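Below you'll find the structure, written out as structure tokens, and then a few comments.
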Amino acid sequence: MLSLGVLEYKQLDKPTPKAGEVLVKIKSIGVCGTDIHAYGGNQPFFEYPRVLGHELSGVVEEVGSGVAIEKGKAVYVIPYISCGNCVACRNDKGNCCTNIEVLGVHRDGGMCEYISIPEKYVVQTDGLSFNDLAVVECFSIGAHAVRRADIKADDTVLVMGSGPIGIGAIQFSKMSGAKVLVSDVAKEKLDFCRDNYAVDGLVDALGDVTQQLSELTNGDFPTVIIDCTGNVKAMESAVTNLAHGGKIVYVSVVKANITFSDPEFHKRETTLLGSRNATREDFENVVNGLKNGTLKSEGFITHSSKFSSMVESFKNWTQPGSGVIKAVIEMDNA
Ligand SMILES: [Zn+2]
Ligand SMILES: [Zn+2]
């Protein structure tokens, strides 16, 4: 249970699945930027206290009436609880439902032993480890952003920020056949991307980004910029570092206003897209990618902790210089 800056254990009753619900015994939990931001008070959609955890895998422990999924099956969770009635839901965009409740953000999540949720958010999947299943959500966010931008093989994509979401965006951009550049302030993260994901160019975000991009693209600039930094300056710079006719996708959320020059925006005929969460299709694309090896999870999970020691581990992971790319919490009995 998280209060601002304080994560502590709390004993709660084991939930009983209602009709249509699945009781999931959690096996592995991915720790995400959202969790870290919530811990520090920088998450805009957050109230305390809260059980964190939206990147979840486990096994079906029990089911309520009318549920088809069987006990004992390995599952991952789609953590975006949507209302089914609003304008977004009616248009098949439950990922940006007006009443969305994200597990571990708007309602209690799965950083706990058991969670009971409606069957449509629980997806049975064989052939992947629980840790892989726990990072499906994280990769899905990048997959969704790439799908929003409709990236083609002749695009040059700049992914700003090489955290877990950025790495998902890099991998899906590469799958589209595009040339992929990545920018970050941390040199070791850039090196990690070069060594693991065959990116085509590295951009030092502390240097002259415009000049580096010009050199890497023969003066054309990236035709797609995907922001995974949630940094105001980086987000604003996208407008002037974009190719004419290009697209910007803002994935990361920042608790601030962002501004840019309208002539710069207009002269490029910029397409500006927001990308929120992911849809079931993105989750399925990620699972397929992990199964057929086009998507790499190897090396991505840099840190792990048992549930029994997670409070201390979590504190360490939030420290600058911790070197965490992706951390997972494994249940002690997993
Ligand atoms: Zn996440
Ligand atoms: Zn809705």
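The values are calculated or read from the model by the stated rules, or taken from the named source; none is laboratory data. Treat the numbers as computed from the prediction; the structure is a model and nothing was measured. Note: ideal-geometry Cβ built from the backbone for every residue, glycine included; neighbour counts use all protein chains shown. SASA here: full protein model, heavy atoms, side chains in, ligands and nucleic acids out. Shrake-Rupley method; radii C 1.70, N 1.55, O 1.52, S 1.80 Å.
Just give me the residues in the range 86-104 being part of a loop (DSSP other than H, G, I, E, B), open to solvent by 10 Å² or more (accessible area, probe 1.4 Å) and within 6 Å of ligand 2 (Cβ to nearest atom), in sequence order.
Within the range 86-104, Cys86, Thr98, Asn99 qualify.
Please specify each residue of the range 149-171 satisfying the condition of being in a helix (DSSP H, G or I) and either open to solvent by 20 Å² or more (accessible area, probe 1.4 Å) or at pLDDT below 95 (or both).
Pro164, Ile165
Please find, within the range 119-148, the residue that is nearest to ligand 1 (Cβ to nearest atom) out of those that are among the aromatic types (Phe, Trp, Tyr) and surrounded by fewer than 24 Cβ atoms within 10 Å (Cβ to Cβ).
Tyr121
Quick one: is Ala178 more than 28 Å from Gly20 (Cβ to Cβ), over 18 Å from the mean Cα position of the chain (by Cα) and open to solvent by less than 10 Å² (accessible area, probe 1.4 Å)?
yes
For the range 65-85, enumerate the residues that are surrounded by fewer than 19 Cβ atoms within 10 Å (Cβ to Cβ) and farther than 23 Å from Ile141 by Cβ.
Those that are surrounded by fewer than 19 Cβ atoms within 10 Å (Cβ to Cβ) and farther than 23 Å from Ile141 by Cβ: Ser65, Gly66, Ala68, Ile69, Glu70, Lys71, Gly72, Lys73, Asn85.
So in the range 264-307, with the set limited to residues that are assigned to a loop (DSSP other than H, G, I, E, B) and hydroxyl-bearing (Ser, Thr, Tyr), which one is farthest from Lys174 (Cα to Cα)?
Ranking the qualifying residues of the range 264-307, first place goes to Thr270.
On the given criteria, is Tyr39 more than 18 Å from Glu113 (Cβ to Cβ), within 14 Å of ligand 1 (Cβ to nearest atom) and at pLDDT 95 or above?
no
The rows are residues; the columns are (1) within 16 Å of ligand 1 (Cβ to nearest atom); (2) without any contact (Cβ under 8 Å) to a residue 12 or more places away in the chain; (3) within 13 Å of the chain's Cα centre (by Cα).
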{"site": "Ile69", "(1), (2), (3)": "no, no, no"}
{"site": "Val77", "(1), (2), (3)": "yes, no, no"}
{"site": "Ile115", "(1), (2), (3)": "yes, no, no"}
{"site": "Ile170", "(1), (2), (3)": "no, no, yes"}
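Check the range 38-50 and report whether any residue there is part of a strand (DSSP E or B) and open to solvent by less than 60 Å² (accessible area, probe 1.4 Å).
For the range 38-50, residues part of a strand (DSSP E or B) and open to solvent by less than 60 Å² (accessible area, probe 1.4 Å): present.
Please find, within the range 172-206, the residue that is nearest to Met235 (Cα to Cα) out of those that are part of a helix (DSSP H, G or I) and among the polar types (S, T, N, Q).
Ser173
Which residues, taken from the range 216-256, are of a type in the set (Asp, Glu) and under 23 Å from Asn277 (Cα atoms)?
Listed by number, the residues that qualify are Asp227, Glu236.
Pull out all pairs, ordered by first then second residue, where Cβ-Cβ is under 6 Å, the residues are six or more apart or on different chains, the first lies in the range 123-150 and is without any contact (Cβ under 8 Å) to a residue 12 or more places away in the chain, and the second is more than 16 Å from ligand 1 (Cβ to nearest atom).
Cβ pairs passing all conditions: none.
Name the pairs: first residue in the range 228-252 and at pLDDT 95 or above, second residue part of a loop (DSSP other than H, G, I, E, B) and among the acidic types (Asp, Glu), Cβ to Cβ under 6 Å, at least 6 apart or on different chains?
Pairs that qualify, where the first residue is at pLDDT 95 or above and the partner is part of a loop (DSSP other than H, G, I, E, B) and among the acidic types (Asp, Glu), are Ala243/Asp220; Gly245/Glu269.
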